[in-house]
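See below for the structure under consideration.
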Amino acid sequence: MYIFDLDGTITDTNGIWLDVDREFLARRGLPHTQEYQRVVERSILPLAAQFTKDYYHLPESPEDIMAEWTAMADRHYREQVQLKPGVEAFLRQCSAQGLPMAVFTACRPALCRAALERFQLTQLFDRIVFAEEIGLEKRDPRCFVELSGLLGVPLKDCVLFDDSPDNCTTAARAGMTAVGVYDAYYAGRQEELKAVCARYIRSFEEVLSR
């Protein structure tokens with residue numbers, strides 16, 4: 001089964017979350033630190049919200065923080081999100097060939113569905129799985145073991161397409177085949193991504209059948 005991350009893999013949306021983080025903190029006059037960004041960029045939203053509350057000693061609940069983040073990102077996902085080059089053609093090609101596909105994302109469910117519906121891609125996937133329903137971060141190899149169980153597909157038969165070096169590392173450790181997808185957000189970590197993946201692509205145009 002082919003499994004696709006959403007942000008930075010199918011959609012060009014990693015920058016949206018960086019903007020959301022910065023705006024959220026700016027509203028409160030708080031600094032956006034590298035330490036903070038390193039943690040939240042790897043976390044599922046509930047854990048990122050709890051960390052944000054603790055890190056900045058905020059009075060808001062994690063649920064309120066997530067709601068504010070989601071509201072800030074909603075318009076981008078519904079109206080402005082763009083696909084990564086070649087990905088729509090590749091997904092439709094795989095669907096036409098009868099290859100089973102799934103989405104596995106740390107994105108909020110409503111935002112993910114809005115993005116996929118914008119391009120009528122939802123029906124191409126056999127399953128959409130949200131990391132928050134598993135309750136583990138993608139950097140935890142157990143997350144991919146749980147995903148394999150939910151999909152009913154052995155780890156060795158799963159191919160993950162993901163832009164994050166951390167996600168690809170943990171998927172490979174769990175027993176999946178990882179394909180690294182270039183995204184500008186991780187531009188400084190491309191050699192790391194290449195090292196942990198069975199294959200690395202700059203664009204999905206590279207894997208289209210000619």
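Quick rundown of the values:
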| read-out | value |
| --- | --- |
| Residues whose placed amide H lies under 5 Å from that of Phe4, excluding near-sequence neighbours | Ala102, Val103, Phe104, Phe161 |
| Karplus-derived 3J(HN,Hα), 6.51/-1.76/1.60, for each residue of the range 187-202, Hz, glycine and proline x | 4, x, 10, 5, 5, 5, 4, 4, 5, 9, 9, 5, 8, 10, 10, 7 |
| Per residue accessible area in Å² of the range 1-151, where ligands, DNA and RNA are left out and the probe is 1.4 Å | 45 |
| The chain, accessible surface, carbon-and-sulfur percent (1.4 angstrom probe) | 49 |
| With DNA, RNA and ligands ignored, accessible area of Phe104 (1.4 Å probe; Å², nearest 10) | 0 |
| For the range 1-136: relative contact order, % (alpha-carbon pairs under 8 angstrom, 6 or more apart) | 35 |
| Under Karplus coefficients 6.51, -1.76 and 1.60, residue-wise ³J(HN,Hα) of the range 5-11 in Hz, glycine/proline x | 5, 9, 5, x, 10, 7, 10 |
| For the chain, share of DSSP beta bridges that run antiparallel, in % to the nearest 5 | 5 |
| Nearest-10 value in Å² for the accessible area of Arg92, using the 1.4 Å probe | 90 |
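The values are calculated or read from the model by the stated rules, or taken from the named source; none is laboratory data. Predicted model, so just to flag it, every value in this text is computed and none were measured. In case anyone asks, the SASA skips ligands and DNA or RNA and just uses the protein heavy atoms, side chains included. Shrake-Rupley method; radii C 1.70, N 1.55, O 1.52, S 1.80 Å.
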